[in-house]
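In what follows, a structure is listed as structure tokens, so that the remarks can point back to it.
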Amino acid sequence: MTSSGTEEESLWIEQIARGDREAFEKLYRVYSVRLFRYLFSMVQEKNVAEELTNDVLLAAWKGAAEFRGQSKPSTWLFGIARHKALSSLRQVNSHTVDIKEASEIMEPREGPEELVTRERLQQRLRSALQQLSQPHREVVELTFYQGLSYQEIAEIMQCSVNTVKTRMFYAKKYLRDHLEKAGIGGEMP
Amino acid sequence: MKHSEINELLPWYANATLREEERQIVEGHLANCRECTRELETLSMMQQAIVDINNAVKPSARLTFERALDKVEEYETAKPGTDRANVRASLRDWIGNFFSGWWTSTPLLPRAIIAVQALLLIGLAGSIFYGQHKEKIYTTSSASSGDRSNTRIVVSFDANASEQQMRQAISAVHGKIINGPSALDLYTIQVPIPPERSAEIQQVLKTLQQNGRVIRFAEQQP
């Protein structure tokens with residue numbers, strides 16, 4: 001997001017605070033799917049992620065007057081989304097495996113002759129991501145899919161930048177090991 | 001900056017969000033570090049795969065702006081100070097006073113009959129009130145059926161058209177929505193042209209019909 005894009009989005013939020021439905025629609029068009037995918041990566045259920053997406057946007061409508069522009073609109077929205085997702089997860093028994101535990105889960109072996117296709121990489125990576133603990137997976141998703149800086153991620157996750165970097169360090173190590181075990185990325189460092 | 005510190009920054013070098021000075025340091029380091037160059041290749045591959053994984057997750061048809069807006073409207077109408085919230089508060093006060101007054105001293109049978117009648121009345125009033133307000137956003141005003149200074153046009157919007165596109169399409173002909181959506185998803189719009197000026201009305205219809213991305217159907221209301 002360019003700074004002019006951020007300024008435009010901040011303006012929409014100001015307009016939303018005055019009850020402007022068109023500005024709300026603009027914000028919705030830009031963020032609904034991004035928020036939905038982020039929420040889905042956390043709650044792993046489409047229906048819930050959709051419901052939460054609307055909850056986040058309603059919260060943005062309600063809280064627009066309190067938005068002071070100290071953070072980017074994207075950081076603000078993802079912060080709300082994270083809060084909603086964690087509240088939702090607290091209500092259900094989420095099945096996440098601690099990163100240490102996850103590293104001991106063995107994948108079924110496949111013949112080395114199998115070609116490393118993009119589809120297979122995605123399949124492996126999807127499975128590995130699901131086995132990461134919530135905060136590790138979040139850092140990966142926010143970095144690689146949402147394209148956020150480590151400072152923004154720290155703000156959203158309400159932790160230090162060092163924590164973000166450490167989580168990324170362990171997450172990428174786990175993902176790399178997981179792929180190597182499956183015979184993908186043998187050349188990886 | 002040490003090798004390990006630079007290595008930590010690689011994911012954000014890959015997603016192009018590093019500050020300029022950090023980006024330059026990483027680039028300088030990459031020119032001489034084979035390990036980090038290989039890791040960057042791996043991270044870029046992972047990034048692409050993660051983007052593909054996420055893009056494959058499609059929201060259902062239920063994730064629409066209209067639903068989000070419904071939630072907003074629901075919230076707005078329930079806010080203290082709004083018409084509906086005021087009606088609710090008055091009703092609550094009235095019921096409170098009713099129960100604390102003569103009600104408690106009235107015999108059981110008359111009380112039951114009055115309660116049933118009151119419920120029916122509240123239900124009726126509620127349905128009328130709700131019926132008037134639920135399409136609030138789309139119904140801007142209503143013209144009398146005998147209005148000879150305006151012409152009504154029946155319009156059907158494309159299912160993928162946004163509210164903004166709909167508004168733009170209507171304002172392009174200086175129209176306003178006066179009714180809709182009907183059960184068939186039809187809207188009635190009104191343009192400030194008397195019905196006898198048929199050439200101008202035909203021009204308006206043509207303008208609407210040419211906007212095929214937003215409008216599927218536009219005909220003068222008989």
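No value in this document is a laboratory result; all are computed from the given coordinates. In this text, all values refer to a predicted model and were calculated from it rather than measured experimentally. Methodologically, a virtual Cβ is constructed for each residue, glycine included, from the backbone with ideal geometry; neighbour enumeration extends over all protein chains shown.
Here, the stretch B:151-220 is characterised by an Rg to Rh ratio of 0.93, where Rg is the alpha-carbon radius of gyration and Rh the Kirkwood radius.
Using the Cβ-Cβ distance between A:Gln151 and B:Arg197 with R0 set to 56 Å, the FRET efficiency from 1/(1 + (r/R0)^6) comes to roughly 0.35.
Among the listed pairs A:Lys72/B:Lys58; A:Lys62/B:Lys79; A:Lys62/A:Lys84, those whose Cα-Cα separation exceeds 19 Å are A:Lys72/B:Lys58. Here the calculated FRET efficiency for B:Arg19 and A:Gln134, from their Cβ-Cβ distance with R0 = 25 Å, stands at 0.35, rounded to the nearest 0.05. Hull volume per residue, based on the alpha-carbon atoms of the stretch B:3-55 and their convex hull, is 66 Å³. So if R0 is 35 Å, what FRET efficiency would B:Ser44 and B:Gln168 give, r being the distance between their Cβ atoms, rounded to the nearest 0.05? With R0 = 35 Å, the Cβ-Cβ based efficiency is 0.30. Neighbouring Cβ atoms from other chains, within 10 Å of the Cβ of residues in B:204-210, number 0 on average. Within 10 Å of the Cβ of each residue in B:52-62, the mean number of Cβ atoms contributed by other protein chains is 6. Between B:Leu109 and B:Arg67, the simple spin-label model (points 7 angstrom out along Cα→Cβ) gives 5.2 nm.
Positive end of the dipole of the stretch B:3-55 (Cβ unit charges, origin at the Cα centre): among B:Pro11, B:Met46, B:Gln24, the Cα lying farthest that way belongs to B:Met46. Basic side chains Lys and Arg get +1 at the Cβ, acidic Asp and Glu get -1 at the Cβ, and with that the dipole of the stretch A:3-91 about its Cα centre reaches some 280 debye. The label point for B:Gln220 and the one for B:Thr207, both projected 7 Å from the Cα toward the Cβ, are 1.6 nm apart.
Note on A:121-128: average number of Cβ atoms from other chains within 10 Å of each residue's Cβ is 4.
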